[in-house]
Amino acid sequence: MKFSRLAFILLFLIGIGNSNAQDKRFKIHTVGFYNLENLFDTINDPLKFDEYSPIMELKTGRAQAYSQKVKNMARVIADIGKEMTQNSPAIIGICEVENRTVIDDLVNDSILIDKNYGIVHKDSPDARGIDVALLYQKQLFTPIHYNAYKLRIFDDQNRKELTTRDQLVVSGKLENDLIHIIVNHWPSRRGGEVRSNPKRVAAAKLNKRIVDSLQVIDPYAKIVVMGDLNDNPNNESLKSVLKTQRKRKKVGFKGLYNPFENFYRDGLGTTAYRDNWSLFDQIILSKPLLEKDYSSLRFYKAGIFNKSYLITSNGRYEGYPFRSWNYSGFSNGFSDHFPVYIYLIKEVK
């Protein structure tokens, strides 16, 4: 059998309803998310506070740093899920990108250009110009509709409305199955976790309304919620608002499953601060993706992409994600977040 670069065929044994196992062949695709840590261009936009981005604080060598930063991000994206699929992600959400230009530069980097990634992006009202976006391999995923939902949050002291990232919803077909992807970058913990918590609860409530609206149209909608949530899987926004479950068997009709909650319980994370790991980057799934009828697209497994080259190898931050920016400027690193991913599979008859 020849293995396609576009859809790797996975062969393994799987039990079908009893102890008898049968040889099954599956197409397998990676769906991922990656916080690109301030992927900004070198041009000062007078309509944004982008002058506070790390690259604009460089006195010299901005063009060289930008070029290498793009190349480093492309390298990681190309590697996510590759061991299993022999391909880069079919679909990947990204955040901390400034504009469409930097995303174009990313997908046209020599490492990724032959993947022919399409882009879904809309400028967010965020004051610094930080956006979210979705990349997809055009040969594998066909977008049908997208929309960006504004999140309204307010300063906890003067009640002035604050600007933040939209929640991007993209509906399209992968393996001829309709799926809905919600790309998030929820408000940060600036000012402290407790003080900033209402902002992320508001983000979760908007997310829940989006999920509910999709399920009103189709109760069996296949929904993937992804993003840097700036909350851990056990926080109020996830457990009380979205009501995520860590065990598949406990996910009810129209419920949501968070495979990353078990990673967090095991002490794993995607970003570190003061020697504590947080697992802010997550991918959450609706129940129809958990069913055992593999004639349709289903969830197979999840992971944190934390290969050794993404980890700081020495010094004060040894073991932390190898970030691009530090007090000395550009470090030739990658991001202060590890990417996360899931595999979706579908039986090949």
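Within region 330-343, which residues are touching a helix residue (DSSP H, G or I) at 6+ places or on another chain (Cβ under 9 Å), open to solvent by 10 Å² or more (accessible area, probe 1.4 Å) and either without any contact (Cβ under 8 Å) to a residue 60 or more places away in the chain or part of a strand (DSSP E or B) (or both)? Within region 330-343, PHE330, TYR343 qualify.
Residue check: is ILE16 at pLDDT below 90, in contact with a strand residue (DSSP E or B) (Cβ under 7 Å, 6 or more places away or on another chain) and farther than 22 Å from PRO125 by Cα? First the steps, then the outcome.
On the way: at pLDDT below 90: yes; in contact with a strand residue (DSSP E or B) (Cβ under 7 Å, 6 or more places away or on another chain): yes; farther than 22 Å from PRO125 by Cα: yes.
Yes: the conditions hold for ILE16.
Candidates are the residues of region 235-267 that are β-branched (Val, Ile, Thr) and either on the phi > 0 side of the Ramachandran plot or more than 19 Å from the chain's Cα centre (by Cα) (or both); the one that is surrounded by the most Cβ atoms within 10 Å (Cβ to Cβ) is VAL251. Remark: ASP45 falls outside the filter, which requires a residue to be closer than 24 Å to ASP228 by Cβ, assigned to a loop (DSSP other than H, G, I, E, B), in contact with a helix residue (DSSP H, G or I) (Cβ under 7 Å, 6 or more places away or on another chain) and not hydroxyl-bearing (Ser, Thr, Tyr).
Out of the residues in region 188-215 that are of a type in the set (Lys, Arg) and crowded, with 19+ Cβ neighbours inside 10 Å, which is nearest to ASP281 (Cα to Cα)? Walk me through it before giving the result.
Start the filter on region 188-215 by keeping residues that are of a type in the set (Lys, Arg), which leaves 189-190, 195, 199-200, 205, 208-209.
Now drop any that are not crowded, with 19+ Cβ neighbours inside 10 Å, which leaves 199-200.
Numbers: LYS199: 17, ARG200: 14 Å.
The extreme case among them is ARG200.
Restricting region 141-186 to residues that are touching a residue at least 40 places away in the same chain (Cβ under 8 Å), of a type in the set (D, E, K, R) and not in a strand (DSSP E or B), the residue that is farthest from GLN282 (Cα to Cα) is ASP156. Of the set (1) open to solvent by 10 Å² or more (accessible area, probe 1.4 Å); (2) on the phi < 0 side of the Ramachandran plot; (3) in contact with a strand residue (DSSP E or B) (Cβ under 7 Å, 6 or more places away or on another chain), all apply to GLN157 but (3). Just so you know, in region 268-299 the residues that are open to solvent by less than 70 Å² (accessible area, probe 1.4 Å) and hydroxyl-bearing (Ser, Thr, Tyr) include one that is nearest to PRO233 (Cα to Cα), and it is SER278.
If we scan region 216-226, do we find a residue that is surrounded by fewer than 22 Cβ atoms within 10 Å (Cβ to Cβ), aliphatic (A, V, I, L, M), at pLDDT 95 or above and over 23 Å from ALA148 (Cα atoms)? Working first, answer last.
So the first thing to find is which residues in region 216-226 are surrounded by fewer than 22 Cβ atoms within 10 Å (Cβ to Cβ), and the list is 216-221.
Next cut, aliphatic (A, V, I, L, M) only: 216-217, 221.
Keeping just the survivors that are at pLDDT 95 or above gives 216-217, 221.
Those left that are additionally over 23 Å from ALA148 (Cα atoms): none.
Looking for residues that are surrounded by fewer than 22 Cβ atoms within 10 Å (Cβ to Cβ), aliphatic (A, V, I, L, M), at pLDDT 95 or above and over 23 Å from ALA148 (Cα atoms), one finds none in region 216-226, hence no.
Among the residues of region 131-140, which ones are closer than 22 Å to LEU36 by Cα and either in a strand (DSSP E or B) or touching a residue at least 60 places away in the same chain (Cβ under 8 Å) (or both)? Walk me through how you get there before you give the answer.
Here is the first cut: in region 131-140, the ones closer than 22 Å to LEU36 by Cα are 131-138.
Result: ASP131, VAL132, ALA133, LEU134, LEU135, TYR136, GLN137.
The values are calculated or read from the model by the stated rules, or taken from the named source; none is laboratory data. Bear in mind the structure is a predicted one, so any value in this text is a computation, not a measurement. Note that we place each Cβ from the backbone using ideal geometry, even for glycine, and neighbour counts take in every protein chain shown. Surface areas here come from the heavy atoms of the whole protein model, side chains and all, with no ligands, DNA or RNA. Shrake-Rupley method; radii C 1.70, N 1.55, O 1.52, S 1.80 Å.
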